[in-house]
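Bear in mind that the values in this text are calculations on the coordinates, not laboratory data. Since the model is a prediction, treat every value here as computed from it, not as a measurement. Here the Cβ positions follow ideal geometry from the backbone for every residue, glycine too, while neighbour counts run over all protein chains shown.
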Amino acid sequence: MERLTEEQVLEQLEKLQGWFLQDEKWIVKKYRFKEYLDGIDFVSQIAKISEDIQHHPLISIDYKLVTVKLSSWQAKGLTDLDFKLAADFDRVHE
């Protein structure tokens, strides 16, 4: 998978709601939940999606706040796959 240019990354970011660029190689989003277990259920669902395509995010759970970070290790930066997953995660959250 080919790493996106800075311009391509910014273009892709504009299509997503609430995601931001961190350290020029991660896209990050914080999801808030009304109940703790709703966040746990969300993590379980996105973990399944990630496992299916063998592309795994960093996920942290802080009570009702779930933070997701995406990057492509092999490409040493962001790829189309990161943005596809971000959109998939947003659909799960809806």
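So the values come out like this:
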quantity	calculated
Among (1) farther than 12 Å from Ser71 by Cα; (2) surrounded by 11 or more Cβ atoms within 10 Å (Cβ to Cβ) - the single one Lys34 does not satisfy	(2)
Members of the range 37-63 found to be surrounded by 15 or more Cβ atoms within 10 Å (Cβ to Cβ) and in a loop (DSSP other than H, G, I, E, B), listed by number	His55, Pro57
